[in-house]
1. Spot the failing condition for A:ILE28; the list is (1) touching a residue at least 24 places away in the same chain (Cβ under 8 Å); (2) in a helix (DSSP H, G or I), and only one is missed.
2. When both residues are 6+ apart or on different chains and their Cβ atoms are under 7 Å apart, which pairs have a first residue that lies in the stretch A:98-113 and is under 11 Å from A:ILE146 (Cα atoms), and a second that is part of a loop (DSSP other than H, G, I, E, B) and more than 7 Å from DNA strand B (Cβ to nearest atom)?
3. Determine if the stretch A:172-192 includes at least one residue that is outside any strand (DSSP E or B), at pLDDT 85 or above and acidic (Asp, Glu).
4. Condition first: without any contact (Cβ under 8 Å) to a residue 12 or more places away in the chain and part of a helix (DSSP H, G or I). Now tell me which residues in the stretch A:325-356 satisfy that.
5. How many residues does the stretch A:456-469 contain that are surrounded by fewer than 21 Cβ atoms within 10 Å (Cβ to Cβ) and either hydroxyl-bearing (Ser, Thr, Tyr) or closer than 13 Å to A:ASP483 by Cβ (or both)?
6. Within the bounds of the stretch A:145-156, is there any residue that is in the same structural domain as A:ALA133 (by TED's automatic domain parsing) and surrounded by 18 or more Cβ atoms within 10 Å (Cβ to Cβ)?
7. So, A:LEU204, is that one among the hydrophobic types (A, V, I, L, M, F, W, C) and more than 16 Å from DNA strand B (Cβ to nearest atom) or not?
8. What are the residues in the stretch A:518-534 that are surrounded by 21 or more Cβ atoms within 10 Å (Cβ to Cβ) and over 17 Å from A:LEU315 (Cβ atoms), if any?
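The values are calculated or read from the model by the stated rules, or taken from the named source; none is laboratory data. Remember, it's a predicted structure, so these values are computed and weren't measured experimentally. Here the Cβ positions follow ideal geometry from the backbone for every residue, glycine too, while neighbour counts run over all protein chains shown.
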Amino acid sequence: MGKNKILCEIFSQIADALDFLGENPFKISAYRKASRVLEDYPTDVEEVYRGGGITALTSIPGIGAAMSKKIAEFLETGRMRKYEEVISQAPQDLLKLMDVQSIGPKTLKLAYDRLSVRSVQDFKRVLADGSLADLPGMGHKKVENIKDGLELYERMSERIPLGLAFPIVQETVREIEQLPQVKSISACGSFRRMKETVGDIDILCTGDGGDKIIDHFVHLPGITRILGAGETKGSVIFSDRYQMDLRVVPTGSYGAALQYFTGSKQHNIHLRTIAKGRGLKISEYGVFREEESVGGREEQDVYRVLGLRWIPPELREDLGEVEAAAADSLPQLIQSDDMKGDLHVHSRYSDGTVTLEELLDETRRRRYQYIAVCDHSRSAKYARGLEVETLMEKVENIRKLNEESKGAKLLAGTEVDILPNGSLDYPDEVLKELVFVIAAIHSWRKEEDVTHRILTAMESPLVHVIAHPTGRLISTRQAYQVDMDRVIEKAAQTETALEINAYYDRLDLSDTYVRRAKELGVKLAIGTDAHNIGQLWMIALGVGVARRGWCERPDVLNSWDYEQIIQWTRQKGQR
DNA sequence: GCCGTTTTCGGCCCGACTGTTTTCAGTCG
């Protein structure tokens, strides 16, 4: 997988550099597209190349003859001449500024040519001393906008984890939809697509009196800065951190606008290309044949006029969903309503704050059939991992509670540590007493490749799920070294499920791996990893990841009835 | 640089906004 990411980065840098150098825009977008394709490409390009050479590489969408040669060169020699050549003409440090609002390649090139600007530092200098403002085509307002952009960039350069945006969006939507003028409202953008992180938050609504709606919006509690407020668009910073935009559009184009602002950009480009071939034009105002509107009130209109099924937002990444919609073979995606339980929750026995009784109550309150109580195992001292004796006491308590409980059940489980040699932190006779065993790596040496540990753990028939398989934390920690291709293959072979850990900072497995796992028939188990009641809602984030991974009900254990889960885990134990 | 039941050459998504201009370039989503 590593090579895909590196090539993705290389092509992206080439694109930025070519942009800076004023190359043919279509060539630039070809590199951007190739970069994007590789970012999400499910197979290691190195594997593709070893298997079928340059010809095989050209079968990757967006990769043609020229780029295949460059990829091959890189794989063979570890270098790419085109990259080196282009990079030498465009200072990397400067190109970082392309991410800043109001700064683009032309501005940078201008500063480079006329003011010998070579670095971010140089750029800040010519910004401050007024020399940039004096250049032709520039001016004081432009420079002010760039200064604002730079300030915002430095404060908010990181994307926001979806789980942090979630409550903010819910609350804001609730506030706005209460206004009498508002007819329909929806979040859009990467939030609606349930991407694991979001850049800013986009909300769209339709109604009368846009200025009143916007005015209400920009004065909501928690807003710390108003960036703009007109009749159709308001833009604010919430809590000094989150940029949030609200747009008000006419009812007749609400669907088209919703589709448009939901993206992704690549998805929309694909749709527009199809539309064009049919003599149609799609914009955020609707779908048009010549000047005549042929749809746009409902989001479905946009897809319908192209002869496509409506595509769920989570799939809109131009990763095959348009083709699937055309062939009427879109997946029946799993939904939040399908969740019959949570498959990874901690209790007070280890490092959680909740009692078994409270968890059972919560199981009922959420209309679940079950919650799997998976506390840490004895080696996890930092998390108050359970000694065997305590674990057995917990199992007995769960048995009693379940006996008295109608409907809702707790699954007696553990999140057992996978030890450095791949063995498990409890002996088999202990694990046999448990209904649901998820195994996880919690400690590893720097640079250690943990693949063999996970593969070994999956060989145990007593392990049902591998929890947070890559160990990454979205905001703070890289994944450990692990060959996920082998893990997923082994999971298929041993019928071990892989977890979609739904805790907002994990979302591990991530969507790309989920999709690959699903394709190999691997089952997924969504668990919130909640340590208190207030974290159980995150199951919604896990469902989002599953949907982005094209999962249907049979793929996800949580959609199964209690009895089915029990039967499945037993079967695995008896192999 | 990519791509093809309209094309192997000539296209490549589209519109708005802003600021600088006097008809348009740059940037954004």
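1. (1)
2. That search, which allows pairs on different chains as well, returns nothing.
3. Looking for residues that are outside any strand (DSSP E or B), at pLDDT 85 or above and acidic (Asp, Glu), one finds at least one in the stretch A:172-192, hence yes.
4. Across the stretch A:325-356, the qualifying residue is only A:ASP337.
5. Residues that pass the stated criteria total 1.
6. Within the stretch A:145-156, one or more residues are in the same structural domain as A:ALA133 (by TED's automatic domain parsing) and surrounded by 18 or more Cβ atoms within 10 Å (Cβ to Cβ).
7. In short, no.
8. Within the stretch A:518-534, A:VAL522, A:LYS523, A:ALA525, A:ILE526, A:GLY527, A:THR528, A:ASP529, A:ALA530 meet the criteria.
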